[in-house]
Amino acid sequence: MLTTVLRPVDDTSGRTSEPTLEDLLRQVAEGDQGAFAQLYDRTAPRLFGLVKRLLRDHAQSEEVTQEVYLEIWQTASRYESSKGGGISWMLTMAHRRAVDRVRASQASRDRDARVGIRDYAPEFDSVAERTEIVLESERVKAAMNRLTELQREAVTLAYFGGYSHSEVAALLRIPIGTVKTRLRDGMIRLRDELGVTA
């Protein structure tokens, strides 16, 4: 396999510029190991940070991040720059993998709990508790539906998706100040809709 070495490119000012993440992804799609190493060096802290924020476990976060980079190596040819930036594509992949791991861990805990409490008779009214949870969930959904589309999008990414303000800004391609304003206004409106007192 022929490996291309990516060198900084001289621009008109005499400075050198690094290849973009999109350029590196194109090279990775062609099997360029050097491009993959550069891509990893430039993005690993960010992807690992997102995964760790969702998983909270260092060892699992390292494992999931490694899986993400393996997936990037194998699927870089599927990246389409017309659909978004390279970092957004990679962060979305990392987020999806981390959420899958959380769900798998939760499913495992649920199985263990079912086995552990199979013969246990609860001392509370589980039907009433489930009903209360369902009703509360419906209240939150209704309140979310009363937000503007822009507020709902920002709140969903930040609070349900686990993205930081700067990641939300990158995904939506808007200034971080706009993200903060949408989140603040959305949370105020949710608080009012749910009747929560400050």
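Of these, 155, 99, which one is under 30 Å from residue 74 (Cβ atoms), modelled with pLDDT of 85 or more and surrounded by 10 or more Cβ atoms within 10 Å (Cβ to Cβ)? Can you show your working first?
Numbers: 155 fails: under 30 Å from residue 74 (Cβ atoms).
Only one candidate qualifies: 99.
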### Query
Within the bounds of the stretch 170-181, is there any residue that is within 26 Å of residue 21 (Cα to Cα), within 18 Å of the chain's Cα centre (by Cα) and outside any helix (DSSP H, G or I)?
yes
### Residue under evaluation residue 119, criteria (1) farther than 18 Å from residue 192 by Cβ; (2) acidic (Asp, Glu); (3) modelled with pLDDT of 75 or more, criterion not met
(3)
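The values are calculated or read from the model by the stated rules, or taken from the named source; none is laboratory data. Computed from a predicted model, the values in this text were never measured in an experiment. FYI the Cβ positions are ideal-geometry reconstructions off the backbone, even for glycines, and counts take in every protein chain you see.
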